[in-house]
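Everything on this sheet refers to the single structure shown next.
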Amino acid sequence: MTGWASGQVPLPGGVARQIIEMVRENPLMTDRLIVGGDRVRLSDITAPFLHVLASRDHIIPEASAGPLIELVGSSDKQELRLDAGHVGLLVGRTAARTTLPTIIDFLKQRSGGTT
């Protein structure tokens, strides 16, 4: 974890400013995000949507991630809340037993795949 945290490529100043603005203003959640001249609206997402979040996530806290599913416009949406941390969602016992099988099943059911 230490190597991952300290081995990052430095961000260009413009990118860093955009990230700070995203954190402070939260434009994606308020329909104020513009990408390539187009307004991005979560309500425009109509593809099947699986929302995976962790109750002990210190990087994306549950209180921040929780409202997302209600803002997505898809009629086919599911939420998977797990007792895990950020990394634990995709690494370790919780990932092997719950997260990955749920994601795979969600995709299989919507792709016609049976393998």
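The values are calculated or read from the model by the stated rules, or taken from the named source; none is laboratory data. Source: prediction; values computed, not measured. For neighbour counting, all protein chains shown are included, and Cβ atoms are generated from backbone atoms with ideal geometry for every residue, glycine included. To get the accessible areas, we keep the full protein, side chains included, count just its heavy atoms, and leave off ligands, DNA and RNA. Shrake-Rupley method; radii C 1.70, N 1.55, O 1.52, S 1.80 Å.
The table for this structure:
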{"quantity": "Meets criteria (of a type outside the set (D, E, K, R), closer than 30 Å to residue 27 by Cα and not in a helix (DSSP H, G or I)) for residue 64", "calculated": "no"}
{"quantity": "From 111, 75, residue being under 19 Å from residue 48 (Cβ atoms), modelled with pLDDT under 95 and polar (S, T, N, Q)", "calculated": "111"}
{"quantity": "Contacts under 9 angstrom Cβ, first residue in the stretch 1-15 being at pLDDT 80 or above, partner part of a helix (DSSP H, G or I) and open to solvent by 70 Å² or more (accessible area, probe 1.4 Å), 6 or more apart", "calculated": "11/19"}
{"quantity": "Cross-chain or 6+ apart pairs with Cβ under 7 Å, the stretch 35-47 first and acidic (Asp, Glu), then surrounded by 11 or more Cβ atoms within 10 Å (Cβ to Cβ)", "calculated": "44/73"}
{"quantity": "Cβ-Cβ under 7 Å pairs, at least 6 apart or on other chains, the stretch 68-79 side on the phi < 0 side of the Ramachandran plot, far side modelled with pLDDT under 95", "calculated": "71/29"}
{"quantity": "Identity of the residue in the stretch 8-29, of a type in the set (S, T, N, Q) and either open to solvent by less than 100 Å² (accessible area, probe 1.4 Å) or assigned to a loop (DSSP other than H, G, I, E, B) (or both), that ends up nearest to residue 77 (Cα to Cα)", "calculated": "26"}
{"quantity": "Total residues in the stretch 30-48, condition open to solvent by less than 100 Å² (accessible area, probe 1.4 Å), farther than 30 Å from residue 108 by Cβ and assigned to a loop (DSSP other than H, G, I, E, B)", "calculated": "4"}
{"quantity": "Subset of the stretch 74-115 [open to solvent by 40 Å² or more (accessible area, probe 1.4 Å) and part of a loop (DSSP other than H, G, I, E, B)]", "calculated": "75, 76, 83, 86, 90, 91, 92, 112, 114, 115"}
{"quantity": "Long-range neighbours under 8 Å by Cβ, at least six apart or interchain, first residue under 22 Å from residue 58 (Cβ atoms) within the stretch 86-115, second open to solvent by 90 Å² or more (accessible area, probe 1.4 Å)", "calculated": "86/58; 86/59; 87/1; 88/56; 94/83; 99/90; 100/90"}
{"quantity": "Considering residues of the stretch 52-67 that are touching a strand residue (DSSP E or B) at 6+ places or on another chain (Cβ under 8 Å) and in contact (Cβ under 8 Å) with a residue 24 or more places away in the chain only, the residue surrounded by the most Cβ atoms within 10 Å (Cβ to Cβ)", "calculated": "54"}
